[in-house]
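Following: one structure in structure tokens, then a few remarks.
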Amino acid sequence: MKKIILFSILLLSFNVIFADNMPDTNKTDAYLIGHVISEGEHLPNVAIIIKGTNLATYTDATGHYKMANIPVGKITILVKSFGFISEEYTIEVKQKQTFEVNFELKPDNINIEQVIVSGDKTEMNRAEAPMLVNVISTKLISNSGAVCGVDVLNFQPGLRVETNCQNCGVSQLRMNGMEGAYSHVLINSRPIFSALNGVYGLEQIPAQMIDRIEIVRGGGSALFGGNAIAGTVNIITKEPTSNSFQINSGLSLINGTTPDYNAGFNTSLVSDDLKTGLFIFGIKRNRQPYYANSDDFSEIPLINSNAYGFSAFHKITNQSKISIDFHNIQEFRRGGNKFDKLPHFSDITEQVDHDIMGGGITYDYLSKNYKTNFSVFLTSQHTGRDSYYGAEQDLSAYGLTEDFSFVSGMQFSHRFDKVLISPMKFIFGAENSYTSLTDKKLGYFDYDEDTQIEDRIIVNQQLITPGVYSQTEWELNKFKLLVGARYDVPDKRLNVTPVFMPRANLLVKLNKISKIRLSYAKGYRAPQIFNEDLHIETSAARQIIHTTSDDLKAEYSNSYSASIDFTKIYDFVQTYILIEGFHTILKNPFSSDFSFDEETKIMTMNKTNAKSGAFVQGINFESKFAFSKKLELQLGGTVQKSEYEVAQPWSEDEALVTKNFTRSPNSYGYAVIYYDPFKNTSISLTGNYTGKMYVPHFAGGLNSAGNLITEDQLVETKPFYDAGINISQTIKITNETKIQFSVGVKNIFNSYQDDFDMGIYRDAGYVYGPLLPRTFTFGLKLGKF
């Protein structure tokens, strides 16, 4: 409560401080009118923005726009729309006059001028950012038939999503070869993903609420948290931009038989003066369990989920804005067998029932000369999880987890015309993170012993982590240097000294078509409970639980990267090519010791520090070729190596060791082709390649041939080639309303794991390769889009 009061006072104080600089909001009777076209066609929903203010409008269905009471004096008009190169135009405005300004935009089919916020939490041109930021666009999310956030992350270099459990279907995102805990996940640039939310979190974010996803590989800038070692994923949700609505439904048939239904709606309402907006969404999903073999144990779990929420803004003045957002996600998932019975009457069940509620409020100020930005935010999320991870009718396998996270912060930035020898942008910010996590095993009555077993606390963790950061950006001719540092103070209960993390990025413009970027970042992971520790796997009819060693030390990293990219627009094609090298050194990397209790049948994977360091290194490449608005090709991939300096155990048998990071292939990649053969017809072809990797396979179950597995093995998997197609047809109902039909196939060639274990004693963690077998998809969309 004290923090809320403090930030409320700060917000009001800055309103007072900046009040003298607020523009005159009196009626000017000055009007701005015009239209926006491209290649002879009028463009709807193009943003018309007066720079240095919150004044904006959008072109209507006919491509025309109108703004009333625009400020007098010299103003700069910015015109931008996704898929087109932005334009600016400066005019001198006088009272009671009408100005007509028309624009013709050039197509930007390879997103040369994609606007991002993951550079310094303010909007900037991606091509001008000192750090390398990749963007997963609305176009890819829509055309790939994605249901949730994880469905599109494979279409970026250095990124790979994998399933880690046959029973509950838990997945994780690997960046540059490192497991999920090395990545920093943000929602609207805010770090609200707690340890518990990280277990299934990316799967629980519906694609319908996502506007785009921004990817920063490596440590990035000082603005990101210390655990952004492998990189940062910033999920930008949709905001109200114009009056619109959309209703959609979809059906996927996994292997042609198992249904996965989803339906949703969203609507956007904006006031006539564009000072207030509201976006509302709701999604429902129902997926039945999928069985890959004949043992009646599921390989893909049942999911029932509901999600709803809203985001809204109000422009207090032309220079200040308040934004709020809220979401509630309820998800039930279950894997194993005997789905018609209670979990403790089944042979194996992993069942989790989540109720996630979160939201936040942000205040933004932008000075009239757009040199000064100030932002303050509060965001929080509460998650309740009822769970059952058990086998052989185990009454002790019920659990209850409560998680609460609260993050507050502020950021101030100012751009100086000249400091020493060049223009300079200065940024200072502070964040404070509070997390509370309680995980307990629920009590039960032991009929064999005629005894009531009480609840047992497994984890009770409260952490407060304050941090400050500062960053400067210098621009001189062909050079742009981003230098900063972050200072985090881990909770004293973790016995970790405060961490100073310098970070630097350099952009060198070699010429008009090529750029070089160099980057360095230091990071750390504190010895605390991470998301993978909260997933209890039931394997070989025994529980596998994750714990942390009492003497676990913090893990530190030093990351380096260098890239060169080429952008060239020819008469017949727009091209973009990127090559990036990366090298990350890990000190005190986390590893695991294994032990098995014969009496309780519990396998414990205790997180410890490896006996030596580790490294990850490799090359990412990316290319885009847009021959026209009708045809676009994207290709990308990664070649890498991930190793410990000294071989580490991967099994309870200490003799079984490996230097390799398990589940990390040395090569993987993707391809996307967009083709619009006719005006309202679109075809999307997608492909993913996953190279060979080493996956632990524990003894105890039956292999796919029905034979008993008698010893633990480190299996080298085969490569996979996962191809998909999606075809959509759009029909105009009115000038603004459309209906779209789509049909597609994922994993056309059914490149899918074919050696799952069978039976109650199977190794549920022995799962790898594409997320789905061959799957047929059907979609329907109605609305203004």
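The values are calculated or read from the model by the stated rules, or taken from the named source; none is laboratory data. Every value quoted in this text rests on a predicted model; they were computed, and no experiment measured them. Ideal geometry is used to build each Cβ from the backbone, glycine not excepted, and the neighbour counts take in all protein chains shown. Note: accessible area is taken over every heavy atom of the protein model, side chains too, but ligands, DNA and RNA are not part of it. Shrake-Rupley method; radii C 1.70, N 1.55, O 1.52, S 1.80 Å.
Below is a table of values for the structure above.
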| item | result |
| --- | --- |
| Filtered residues of the stretch 750-766 (kept if within 28 Å of the chain's Cα centre (by Cα) and surrounded by fewer than 22 Cβ atoms within 10 Å (Cβ to Cβ)) | ASN750, SER751, TYR752, GLN753 |
| Failed criterion for GLY744 (all others in (1) surrounded by fewer than 21 Cβ atoms within 10 Å (Cβ to Cβ); (2) over 30 Å from ILE602 (Cβ atoms); (3) touching a strand residue (DSSP E or B) at 6+ places or on another chain (Cβ under 7 Å) hold) | (1) |
| Unique residue being in contact with a strand residue (DSSP E or B) (Cβ under 8 Å, 6 or more places away or on another chain) and farther than 30 Å from SER595 by Cβ when the list is THR734, THR662, THR681, THR717 | THR681 |
| Residue that is surrounded by the fewest Cβ atoms within 10 Å (Cβ to Cβ), among those in the stretch 681-695 that are β-branched (Val, Ile, Thr) and over 24 Å from the mean Cα position of the chain (by Cα) | THR681 |
| So ASN176, is it open to solvent by 20 Å² or more (accessible area, probe 1.4 Å), at pLDDT 85 or above and touching a Gly at 6+ places or on another chain (Cβ under 9 Å) | no |
| Looking only at the stretch 371-395, and only at residues there that are out of contact with any strand residue (DSSP E or B) (no Cβ under 6 Å at 6 or more places or on another chain) and surrounded by fewer than 17 Cβ atoms within 10 Å (Cβ to Cβ), the one that is farthest from ILE453 (Cα to Cα) | GLU392 |
| Checking GLY145 against (1) in contact with an Asp or Glu (Cβ under 8 Å, 6 or more places away or on another chain); (2) under 25 Å from PHE265 (Cβ atoms); (3) assigned to a helix (DSSP H, G or I); (4) of a type outside the set (Ser, Thr, Tyr), the condition it does not meet | (3) |
| Counted residues, the stretch 641-673 - those being more than 15 Å from MET175 (Cα to Cα), under 23 Å from the mean Cα position of the chain (by Cα) and touching a residue at least 60 places away in the same chain (Cβ under 8 Å) | 1 |
| Residues that are within 35 Å of the chain's Cα centre (by Cα) and not charged (D, E, K, R), drawn from the stretch 65-88 | TYR65, THR76, ILE77, LEU78, VAL79, SER81, PHE82, GLY83, PHE84, ILE85, SER86 |
| Check on THR98, surrounded by fewer than 14 Cβ atoms within 10 Å (Cβ to Cβ) and polar (S, T, N, Q) | yes |
| Residue in the stretch 717-739 that is closer than 21 Å to THR658 by Cβ and crowded, with 17+ Cβ neighbours inside 10 Å present | yes |
| Search result, residues across the stretch 235-278 that are in a strand (DSSP E or B), farther than 27 Å from VAL743 by Cα and open to solvent by 70 Å² or more (accessible area, probe 1.4 Å) | LEU269 |
| Tally, over the stretch 600-642, of residues that are within 30 Å of GLY687 (Cα to Cα) and not in a strand (DSSP E or B) | 2 |
| Check on GLY358, open to solvent by 10 Å² or more (accessible area, probe 1.4 Å) and in a strand (DSSP E or B) | no |
| Selection count where residues are assigned to a strand (DSSP E or B) and modelled with pLDDT of 80 or more, scope the stretch 86-120 | 13 |
| Enumeration of residues in the stretch 216-259 that are more than 30 Å from ASN45 (Cβ to Cβ), touching a residue at least 60 places away in the same chain (Cβ under 8 Å) and among the β-branched types (Val, Ile, Thr) | ILE229, ILE254 |
| Number of the condition not met by ARG762 [criteria: (1) on the phi > 0 side of the Ramachandran plot; (2) at pLDDT below 95] | (1) |
| Top-ranked residue in the stretch 40-62 [being out of contact with any Leu (no Cβ under 9 Å at 6 or more places or on another chain) and either aliphatic (A, V, I, L, M) or part of a strand (DSSP E or B) (or both); ranked as farthest from ASP364 (Cα to Cα)] | GLU41 |
| Single unsatisfied condition, LEU463 versus (1) under 30 Å from GLY399 (Cα atoms); (2) among the aliphatic types (A, V, I, L, M); (3) exposed (fewer than 15 other Cβ atoms within 10 Å of the Cβ); (4) touching a residue at least 40 places away in the same chain (Cβ under 8 Å) | (3) |
| Selected residue (only one of LEU140, LEU186, LEU132 is modelled with pLDDT of 85 or more and in a loop (DSSP other than H, G, I, E, B)) | LEU132 |
| Any hit, the stretch 471-486, residues being open to solvent by less than 60 Å² (accessible area, probe 1.4 Å), in contact (Cβ under 8 Å) with a residue 12 or more places away in the chain and farther than 30 Å from ASN54 by Cα | yes |
| Any strands (runs of 3 or more DSSP E) falling wholly within the stretch 666-773 and containing at least 3 residues that are touching a His at 6+ places or on another chain (Cβ under 8 Å) | 713-716 |
| Pairs where the first residue, in the stretch 83-104, is over 30 Å from VAL135 (Cβ atoms) and free of Cβ contacts under 8 Å to residues at least 40 places away in the same chain and the second is part of a strand (DSSP E or B) and small (Gly, Ala, Ser), C-beta under 9 Å, 6+ apart | GLU92/GLY73 |
| Considering residues of the stretch 361-370 that are assigned to a strand (DSSP E or B) and open to solvent by 20 Å² or more (accessible area, probe 1.4 Å) only, the residue farthest from PHE404 (Cα to Cα) | LEU366 |
| Enumeration of residues in the stretch 267-306 that are charged (D, E, K, R) and either over 27 Å from the mean Cα position of the chain (by Cα) or closer than 18 Å to ALA47 by Cβ (or both) | ASP272, ASP273, LYS275, ASP295, ASP296 |
| Scan of the stretch 342-355 for residues that are open to solvent by less than 10 Å² (accessible area, probe 1.4 Å) and of a type in the set (D, E, K, R), ordered by number | GLU350 |
| Sole exception among (1) assigned to a strand (DSSP E or B); (2) out of contact with any Asp or Glu (no Cβ under 9 Å at 6 or more places or on another chain); (3) open to solvent by 20 Å² or more (accessible area, probe 1.4 Å) for TYR65, by number | (3) |
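Residues checked against (1) among the acidic types (Asp, Glu); (2) at pLDDT 95 or above; (3) more than 24 Å from ASN337 (Cβ to Cβ):
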site: LEU702; (1), (2), (3): no, no, no
site: PHE720; (1), (2), (3): no, yes, yes
site: ILE725; (1), (2), (3): no, yes, yes
site: ASN735; (1), (2), (3): no, no, yes
site: VAL745; (1), (2), (3): no, yes, yes
site: SER751; (1), (2), (3): no, yes, yes
site: ASP757; (1), (2), (3): yes, no, no
site: LEU771; (1), (2), (3): no, no, no
site: LYS784; (1), (2), (3): no, no, yes
